[in-house]
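Remarks on the structure that follows.
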Amino acid sequence: MRGTRVEIRPAALRHNARRAVELAGEAQVFAMVKANGYGHGLLLAAEAIHESVSGLGVAVLEEARALRENGITLPILVAEGFFDDKELQDAERLSLEVVVHSLWQVALLLANPCPVRIWLKVNTGMNRLGLRPDEALEAAARLSEVGNAPVGVMSHFACADVEHDRHSEKQLLLAGTIAEQLQLPLSASNSAALLRYPRARAQQVRPGIMLYGSSPFDWQTAAELGLQVSHRFSARLIAINVVETGESVGYGATWTATEPRQIGVVAVGYGDGYPRHAPSGTPVAVNGVVTTLVGRVSMDMITIDVTGLSASVGDEVELWGDVVDVDDVARACGTISYELFCQITQRPERTIV
Ligand SMILES: Cc1ncc(COP(=O)(O)O)c(C=O)c1O
C-alpha cells in the first residue's frame, strides 16, 4: 500500500458545528457544505452535521440535488441560485431555497413565477454578487406582486477575516436597514463574522471553514477558537537518501545542501493534491516531529529533511492535521486552507475515522 491518505473525522465536524450553533445563539445555522463539503465529501459532511444545524448551504443546484437524492431533508440554500427556468422548477420541486443575486434572475422569475423560496442577495460592499439596495427594494416589490415574495435578505462580508476590518460594520448596517425595510430575516455572517461579531449574527448565519477545523484568522489558531481537526492528510516515506554538501534535490535544483543531510522521499505530490507551489521550508511532520519540505513538489513525490529524526522507510509523514496546522501550510504556500482542502484529488485513500 502506498499509504497516501486523507482521514476525515465526522466527530470533529460535529463538534465544530455545535460550536457554531453555540455562537449563533438565536440565529439559525446554515452549514456551508459546498465544493464537496470543502473537500471532506459532500454527503459525509452533511450527514455528520445535519442533526446539529438548521440547514445546509451549497453553491449550485447539482450539489443540492445530490443531497436530496441521498435523503437529506434539511432546508438547503443554493448560493448561486438558478441559471435558467428549468433549474427554477427543479429548485421548487426539490424544496430548495435559492438566492436571487442579479437582475437577470429577477426577470427570469417574473417571467416564470414559481413558488420557490427565495433569498434576495444585496450588494453591501463586496461588489461581487447582489442587487444594489435600491434595486433590491424594487425587486422585492415586483416579486411580491407575482407571488414570489422573498423569504429573507442575504449579504456577504468582504473583510470579516481581515485584522483591521473597516468594511463589515458598514456592510452590516446597510444589510440590516434593507432587511428591516422589507421586514425580512437577515443572513450575513460567514465563519469569521460569526466568530468575531456578535451583532452580525442576525437571524441566520452561514459558517463554512470553521466547521472544517480551520481558522479564518491569521492571528488566532483553530485550536484557540475551540475547533477540532476534521481533515488529516498523510503519506509514507518511500526512500531516504544522503545528500552531500553542494548537492541539490529535485526538479530545477531549487534547494542545495549546505552540509550533509538525510533527505526523505514521501509518496505524495500535486497528483494527490499537495500544493505544487509549497516552497522549501513548508512544515511537515515525521512520526510527530515537525521538519520541512526541501526542493520542488513533483507530481507523485515530495522531499523532506529527515536529518537526525531516526526516520525509516515506511514511516508516516503528516502533511497537515494534528501536528502540522493546515493554516500554517496554507500560509507557507501563499493560499488558504479552503483551497488546500478542495484540491485533494481522487488518488489518496479516504478513511473515515
Ligand atoms: C455566500 C457564502 N456564504 C458563506 C460562506 C462561508 O464562508 P466561510 O467558509 O469563510 O465561513 C461562503 C464561502 O465562501 C459563501 O460564499
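The values are calculated or read from the model by the stated rules, or taken from the named source; none is laboratory data. The model shown is predicted, which means the values in this text are computed figures rather than measured ones. Note that we place each Cβ from the backbone using ideal geometry, even for glycine, and neighbour counts take in every protein chain shown.
Mind checking which residues of segment 96-134 are within 16 Å of the ligand (Cβ to nearest atom) and hydrophobic (A, V, I, L, M, F, W, C)? Residues satisfying the conditions are 96, 98, 99, 100, 118, 119, 120, 122, 126, 129, 131. Residues in segment 196-217 that are among the small types (Gly, Ala, Ser) and more than 10 Å from the ligand (Cβ to nearest atom): 200, 202, 213, 215.
If residue 311 passes every condition in (1) free of Cβ contacts under 8 Å to residues at least 60 places away in the same chain; (2) more than 22 Å from residue 191 (Cα to Cα); (3) of a type in the set (Gly, Ala, Ser) but one, which one does it miss? Going through the list (1) free of Cβ contacts under 8 Å to residues at least 60 places away in the same chain; (2) more than 22 Å from residue 191 (Cα to Cα); (3) of a type in the set (Gly, Ala, Ser), residue 311 breaks only (1). So, of the residues in segment 257-302 that are of a type in the set (S, T, N, Q) and over 21 Å from residue 232 (Cβ atoms), which turns out to be surrounded by the fewest Cβ atoms within 10 Å (Cβ to Cβ)? Once the filter is applied, the top-ranked residue is 258.
Consider segment 24-42 and keep the residues that are within 12 Å of the ligand (Cβ to nearest atom) and more than 27 Å from residue 266 (Cβ to Cβ). The one that is surrounded by the most Cβ atoms within 10 Å (Cβ to Cβ) is 33. Tell me, which residue of segment 51-91 that is under 22 Å from the mean Cα position of the chain (by Cα) and acidic (Asp, Glu) is nearest to the ligand (Cβ to nearest atom)? Here the residue is 80.
When segment 301-352 is filtered for residues that are more than 11 Å from residue 286 (Cβ to Cβ) and modelled with pLDDT under 95, nothing remains. Restricting the first member to segment 1-24 and to residues that are closer than 19 Å to residue 316 by Cβ, and the second to residues that are part of a helix (DSSP H, G or I), the beta-carbon pairs closer than 8 Å and six or more apart or on different chains are 8/44. Residues of segment 293-330 that are in contact with a helix residue (DSSP H, G or I) (Cβ under 9 Å, 6 or more places away or on another chain) and either in a strand (DSSP E or B) or not assigned by TED's automatic domain parsing to the domain that holds residue 274 (or both): 293, 319, 320. Among the residues of segment 244-267, is there at least one that is free of Cβ contacts under 8 Å to residues at least 60 places away in the same chain, within 30 Å of residue 210 (Cβ to Cβ) and not assigned by TED's automatic domain parsing to the domain that holds residue 208? The answer is yes; a qualifying residue exists.
For segment 236-285, the candidate set comprises residues that are more than 26 Å from the chain's Cα centre (by Cα) and of a type in the set (Lys, Arg); within that set, the residue that is farthest from residue 340 (Cα to Cα) is 261.
Is one or more of the residues making up segment 161-179 within 12 Å of the ligand (Cβ to nearest atom) and within 28 Å of residue 50 (Cβ to Cβ)? Yes, segment 161-179 contains at least one residue that is within 12 Å of the ligand (Cβ to nearest atom) and within 28 Å of residue 50 (Cβ to Cβ).
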